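Any read-out appearing in this document is the output of simple, stated calculations on the displayed coordinates, not a laboratory observation. As the structure is a computational prediction, the values presented were derived from the model and not from experiment. Don't worry about glycine lacking a Cβ; one is built from the backbone with ideal geometry, like all the others, and counts go over all protein chains shown.
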Amino acid sequence: MSTSPAVDVANDLPTGLTDLKRPVGDWLFAVAVLALTGWAFWRFGSAMDVYEQAILLAAAPSVIAMGWFWRPVRLLLLASGLATWGAAALYLRTTDDWGADLAQGEQVFWLKYFLSSQSAILWMSMLFFMSTVFYWIGLLSRSATGTKLGSRIAWAGVFMAVTGTLVRWFESHQIAPDIGHIPVSNLYEVFVLFSWLTTAYWLYYEDRFAKMGQSLGSLGAFVMLVVSAAVGFLLWYAVVRGASEIQPLVPALQSWWMKLHVPANFIGYGTFAMSAMVAFAYLIKQRAGETQWWKLAPLWGVGVVLCFEPLVFRSKPGTEQMVGTYWAIYFGVAALIVAGIVAARRKIAVQLPDFEVLDDVMYKAIAVGFAFFTIATILGAFWAAEAWGGYWSWDPKETWALIVWLNYAAWLHMRLMKGLRGEFAAWWALGGLLVTSFAFLGVNMFLSGLHSYGQL
């Protein structure tokens, strides 16, 4: 009999999480985390305020619980930590009057091509694109090998993303004492966060369902599409707008609340995006036998609308050109991909999990996302009170966050109280991505307010 804790799939909670008779590896992992936490207090405690110390203390048991509950994350944390330490050691080989010599990032081979934050994030981008391709190869060719490669490449992409994020955090502190900050302060940094959090959440469910004998591998093809779309924006934003440069925080963001509010917010965004892609897969399977084009058009139309937002990005701010060449190609390719998926619906549907499984994954993603989005909204209100003197000001960003919250609160209410299932639930979840996308990006592009520091 296995000594690992049993898992209640319905509630996603390990029934043996508090069992003291755990494998030795679990306790060694816990000791390692506590030792590192103690070292961090000894080495950096004097530079932290009381809130940052509280966050660090809370992080230790959280990481231990996560490592006990989902063991693959241990290797991810270990590998990312070692890679970050290696990058810091390379930067610190030659120091100037303050901190590390960041010029080493363009001179040292391992930094220039692998471990500097920008290099690691570029590797993340390439790996997520490759993962998407292999997932689709596995789905269309009915090859388990392709699906496994897609999954493993996605893990590699998450590793590079976490490493890049940690190294960027280190780099920001080496520029000047008052520049350093957690890298979740602008659209470039949060798109990196969104990309790897969404992928990591997908990999978690892929692993948990596989342990129960239910393969979700084919769904990876759909989930990684939204990640690849985010990476497409990220690359444009870095190259055209120079967003990869580390910038000082504006006054409103110089708060420890940012360390909590933004990650919680983007767990919500990522899980909502995943639920929408599962809903899209559900509708593709449900429409597999449909032959009348006008009944398929709405499904293609929603996909095109989701791809339409790049048209608002001008090639350069202030120019008359409606859309740059990059975004024209992006939109065209995206529309063709959606059309291709609809056209190949019969072949794809055979490979997708049962409707009950798709419905269950969609519900779990929305439930987790709603919980974290609720926490993020509450934390945002406290942050607003500290920064602007009031908990709520009906700022456009706040208003649209409330709309997103109400949308998913209504979805969950209908699910739990009225038994919402099936096609209508899937359409609602897919439409929810439109609402979430506008709250995430549309407000920054079209509206102004207290959150205008996030404008494109």
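When the Cα positions of L92, Q292, H261 are compared along the charge dipole of the chain, Q292 comes out farthest toward the positive end, with charges on each C-beta of Lys, Arg, Asp and Glu. Projected label points at M126 and A252, each 7 Å from Cα along the beta carbon direction, are separated by 3.8 nanometres. Straight-line cross-link reach from K397 at under 24 Å between alpha-carbon atoms covers these lysines, not counting any fewer than eight positions away in the same chain: K259. If the chain linking R152 and A297 were pulled fully straight, counting 0.36 nm for each residue of separation and taking away their Cα-Cα distance, it would gain 48.7 nm. The helix-only estimate of mean residue ellipticity at 222 nm for the chain, built from DSSP H runs of length n ≥ 4 each weighted as -39500 (n - 2.57), is -23500 deg cm²/dmol after division by the residue total.
For segment 278-292, backbone phi angles converted through the Karplus equation (6.51, -1.76, 1.60; θ = phi - 60°) give residue-by-residue couplings of 5, 4, 4, 4, 4, 5, 4, 5, 5, 9, 4, x, 6, 10, 8 Hz, Gly and Pro being listed as x. For K295, the lysines whose Cα comes closer than 24 Å to its Cα, not counting residues fewer than 8 places off in the same chain, are K285, K347. Judged by the mean number of other Cβ atoms found within 10 Å, the most tightly packed of the peptides 204-213, 36-45 leads the ranking 204-213, 36-45.
With 0.36 nm allotted per residue and the present C-alpha distance subtracted, the V239-T374 stretch has 45.2 nm of extension available. For the chain, a crude dipole built from +1 on the beta carbon of Lys and Arg and -1 on the beta carbon of Asp and Glu, taken about the Cα centre, is about 1360 debye to the nearest 20. Full extension of the chain between L82 and I329 gives 85.0 nm of extra length, using 0.36 nm per residue less the Cα-Cα distance.
When the alpha-carbon atoms of segment 22-69 are used, the pair Rg, Dmax equals 11.8, 36 angstrom.
Farthest toward the positive end of the dipole of the chain, out of G67, Q53, F129, is the Cα of F129, where the dipole comes from beta carbon charges about the Cα centre.
Rounded to the nearest 0.05, what FRET efficiency do A385 and K21 have when you use their Cβ-Cβ distance and R0 = 51 Å? E(calc), rounded to 0.05, equals 0.65.
Between A89 and L140, the distance separating the two model label sites (each 7 Å from Cα on the Cα→Cβ line) works out to 4.4 nm. Distance between the 7 Å Cα→Cβ label points at E356 and E52: 5.2 nm.
Sorted on the mean count of surrounding Cβ atoms within 10 Å across their residues, most packed first, peptides 65-75, 100-110, 163-173 read 163-173, 65-75, 100-110. Judged by the gyration tensor of its Cα atoms, with axes a ≥ b ≥ c, segment 339-454 is prolate; a/c meets the 1.5 cut and a/b is the larger of a/b and b/c.
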